[in-house]
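Everything below concerns the one structure shown next.
The values are calculated or read from the model by the stated rules, or taken from the named source; none is laboratory data. Remember, predicted model here, so these are calculated numbers, not experimental data. As a convention, Cβ positions derive from the backbone with ideal geometry for all residues, glycine included, and neighbour counts pool all protein chains shown. The accessibility values were calculated without ligands, DNA or RNA, using every heavy atom of the protein model including side chains. Shrake-Rupley method; radii C 1.70, N 1.55, O 1.52, S 1.80 Å.
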Amino acid sequence: MDGSVREQNVLGHLMDVEREASSLALDAQAEADRRRNEAKQQADADFRARHEDLIRGLDAWYDAEKKKTDAALESEYREFDAALEARPKNTEAFDAFVDSVFAGK
């Protein structure tokens with residue numbers, strides 16, 4: 001074999017090795033992209049699940065706290081109404097005041 005043919009064989013072999021390396025690099029990049037996308041989808045799904053659990057927990061806490069405060073407010077209103085009802089009414093003084101304001105007396 002002459003030197004030129006050997007050089008061509010070596011160059012051809014090197015080109016084959018370069019093509020194979022390039023193909024392997026592209027395959028590796030595609031695999032890395034696939035794994036990254038898969039991991040992102042999983043992380044997003046995990047986040048959504050934890051977020052929904054958190055929202056459900058906060059909604060339940062809010063509902064329980066609202067029921068407690070509504071009950072306390074209703075109790076306070078009943079106590080206030082009872083206190084107003086228990087107060088003596090001086091309708092004569094009130095009527096005299098209203099007459100003096102509206103009748104101009």
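See the values below:
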{"item": "Counted residues, the range 64-105 - those being outside any helix (DSSP H, G or I) and surrounded by 10 or more Cβ atoms within 10 Å (Cβ to Cβ)", "result": "1"}
{"item": "Test: residue in the range 25-39 that is open to solvent by less than 80 Å² (accessible area, probe 1.4 Å), within 26 Å of the chain's Cα centre (by Cα) and at pLDDT 95 or above", "result": "yes"}
